[in-house]
Amino acid sequence: MAFHPPRQLHELAVKRVVGLPGEIVQIRHGDVYIDGQIARKPLAVQRALAIPVDDAYYWPENLPSR
């Protein structure tokens, strides 16, 4: 998506690229559709990209003392 950032109307910024030229990109209820078809990565790709945000079994070794 290309847009003009607030207070910098003379500049053009690109935030995300989700489609190719000529495609119709829509966001419906939080899902991205390209040319009427939901755009979703295969499950194997989703799992490969997943990053755990909490792991109760891991504790950092070098915690700073207070």
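Rule-based calculations on the coordinates, nothing more; no lab input. Since the model is a prediction, treat every value here as computed from it, not as a measurement. Cβ coordinates were reconstructed from backbone atoms using ideal geometry, including for glycine residues, and neighbour counts include every protein chain displayed.
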- Item | Cβ-placed point charges (K, R +1; D, E -1), dipole of the chain about Cα centre in debye, nearest 20 | 120
- Query: Between HIS10, GLY22, PRO64, whose Cα lies farthest towards the positive end of the dipole of the chain when Lys and Arg beta carbons carry +1 and Asp and Glu beta carbons carry -1, centred on the Cα centre?
  - Reply: HIS10
- Query: So what is the orientation-averaged projected area of segment 15-66, using the convex hull of its C-alpha atoms, in nm²?
  - Reply: 7.4
- Item | Long-range amide H partners of VAL32 with built H, under 5 Å | ALA39
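What does the net charge come to around TYR33 if you take all other residues with beta carbon closer than 13 Å to its beta carbon, with K and R at +1 and D and E at -1? Write down the numbers at each step before the final one.
On the way: positive: ARG28, ARG40; negative: GLU23, ASP31, ASP35.
Charge balance in the 13 Å sphere: -1.
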- segment 7-20 - phi-based ³J(HN,Hα) in whole Hz, Karplus 6.51/-1.76/1.60, Gly and Pro as x: 6, 9, 5, 7, 10, 10, 10, 10, 9, 9, 10, 10, x, 9
- In sequence order, what are the phi-derived ³J(HN,Hα) couplings for segment 46-62 according to the Karplus relation 6.51 cos²θ - 1.76 cosθ + 1.60 with θ = phi - 60°, rounded to whole Hz, with x for glycine and proline? 4, 5, 5, 8, 5, 10, x, 9, 8, 9, 5, 8, 10, 10, x, 7, 10
